[in-house]
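Only the coordinates and a few stated rules stand behind these numbers; no lab work does. All of these numbers come straight from a predicted model, not from anything done at the bench. Every residue, glycine as well, gets a Cβ built from its backbone with ideal geometry; the counts of neighbours run over all protein chains shown.
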Amino acid sequence: MPAPWRLLLHLFCLTTAGASVEMAFYLFAPYLRATGSPHMEALGWILGICYGFSACLRPLAGQLVERVGSRRTLCLGYGLVLGGAATVTLGARFLPALLAGRALLGMGYSLTIVSSTTYQIAAVPPEALGRTLSLTAVGYTVPTLLVLPALEGLLRGGHTGLFLLFPPLFAGGALFLAWRLPPGEPPRARDAAPGTPFRDILKVPAFRTLFLAVVVFALTDAATMQISALALSKDLVASWFFLSQSLVALGTRLLALGFIDRFPRRRLVVLATGLSAGGLVLGTFAEGPQLFLAAGAVFGLGMGFGFPALMALIGDVAEPKLRPRVSALFWLFYSACFFVAPILIARGASLLDYDGALRLLGVLLCGSLLPLHRLLKRGDPAP
């Protein structure tokens with residue numbers, strides 16, 4: 001196997017292991033219900049605090065990548081992820097331990113995502129960037145296809161203790177894979193500009209528009225953290241949504257590898273966000289498996305090409321020396337949405353129920369797409 005394919009396979013396995021850790025927490029509402037936990041009312045904070053800490057540390061992550069390199073930053077990040085997963089497993093009955101463990105997970109994710117994104121963008125030629133990010137992004141869908149249904153089966157079978165063992169196991173595997181990455185930085189990652197202030201990056205219109213697109217897209221993605229709560233309220237199985245979402249996203253990323261490199265990515269991001277928001281709204285009308293599966297498929301279609309297209313925009317608008325810091329801000333805004341969305345949706349559900357809260361979010365997101373498209377068309381160059 002040629003060296004580039006070995007590296008691609010390595011990154012795919014690393015992505016899969018890392019994503020599997022967080023996938024368990026998409027089922028935390030059923031876990032709390034199954035164990036009779038008194039912490040169900042704090043679900044929004046348990047889910048969101050991870051991404052709050054992750055967002056706050058994104059700028060530090062970009063600076064750390066510039067100083068010590070991607071491999072060391074990845075190892076440190078997955079070490080924190082392992083510590084956070086172990087804390088949740090050992091202290092699952094205690095709310096302070098749950099919050100502390102989730103905070104550690106967020107700190108770890110802030111390092112792993114920025115360093116991984118910077119590594120890939122620096123190592124891959126621009127004309128192949130969309131294809132490469134699509135292939136490695138398949139690693140985010142595999143846990144939804146395989147891990148999530150297995151973990152939900154454990155919960156339905158009453159094996160709550162066994163359920164909690166998997167996050168630390170996946171985190172340990174990710175740490176090992178990060179440690180085994182080839183040492184050294186890709187050549188184009190060495191000309192980073194440590195002295196470029198983040199405030200100067202935010203003054204550039206193209207970057208501000210990119211980050212606005214990130215927020216709108218990320219809110220649709222983050223809303224799925226409450227899909228299991230929506231399913232519980234309707235007596236549905238959350239895996240129905242996630243399984244169809246992952247199958248369609250996987251197929252999209254494998255069958256349309258060159259699609260993201262041939263069309264203006266700004267248009268793809270807007271289209272993808274509309275599809276994903278539509279899938280969320282459609283899921284709120286489900287009363288049985290058919291419509292819930294269809295909603296997941298629509299959502300997965302948008303995520304399938306939207307996520308790699310959005311990540312590839314970093315390479316379109318940022319010169320190589322700025323990419324570590326632009327990646328850090330990219331993931332800062334992305335994580336901030338994952339912090340805010342579960343809390344807002346839980347609050348909205350207390351007033352409107354989960355159907356009403358997710359419908360309102362979907363309508364607001366769709367309403368933002370036309371202005372977003374105009375901004376992207378004005379400020380973002382085509383690839």
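Full-extension gain between ARG180 and ARG199, please, as 0.36 nm times their residue separation minus the C-alpha to C-alpha distance.
Additional length available on full extension: 3.3 nm.
So for ARG58, ARG208, fewest C-beta neighbours within 10 Å to most, what's the order?
If I rank by nearby Cβ atoms, fewest first, I get ARG208, ARG58.
Order of TYR51, TYR119 from fewest to most other C-beta atoms within 10 Å?
With the sparsest Cβ surroundings first, the list reads TYR119, TYR51.
Which chymotrypsin sites (Phe, Trp or Tyr not before Pro) in the range 59-115 pass both tests, a DSSP loop state and at most 14 other beta-carbon atoms within 10 Å?
Listed in order of number, the matching sites are PHE94.
Counting Lys and Arg as +1 and Asp and Glu as -1, what is the net charge of the other residues whose Cβ lies under 15 Å from the Cβ of LEU177?
That sum, taken over residues with Cβ under 15 Å, equals +4.
Estimate the FRET efficiency between LEU165 and ARG33 by the formula 1/(1 + (r/R0)^6), using the beta-carbon distance for r and 22 Å for R0, to the nearest 0.05.
In this case the efficiency is close to 0.70.
Kindly identify the range 303-383 as rounded, prolate or oblate by the Cα gyration tensor criterion: order the square roots of the eigenvalues as a ≥ b ≥ c, call it rounded if a/c is under 1.5, otherwise compare a/b with b/c, prolate if a/b is larger, else oblate.
Taking the square roots of the gyration eigenvalues as a ≥ b ≥ c, the range 303-383 is prolate.
Hey, could you pull the Cα Rg and Dmax for the range 55-119, both in Å?
Spelled out, the Cα radius of gyration and Dmax of the range 55-119 are 12.4, 39 Å.
What distance in nm separates the simple spin-label points at ASP353 and ARG374, each placed 7 Å from Cα in the Cβ direction?
3.7 nm
What is the extension gain from LEU364 to ALA97, computed as 0.36 nm multiplied by their sequence separation minus the C-alpha to C-alpha distance, in nm to one decimal?
92.6 nm
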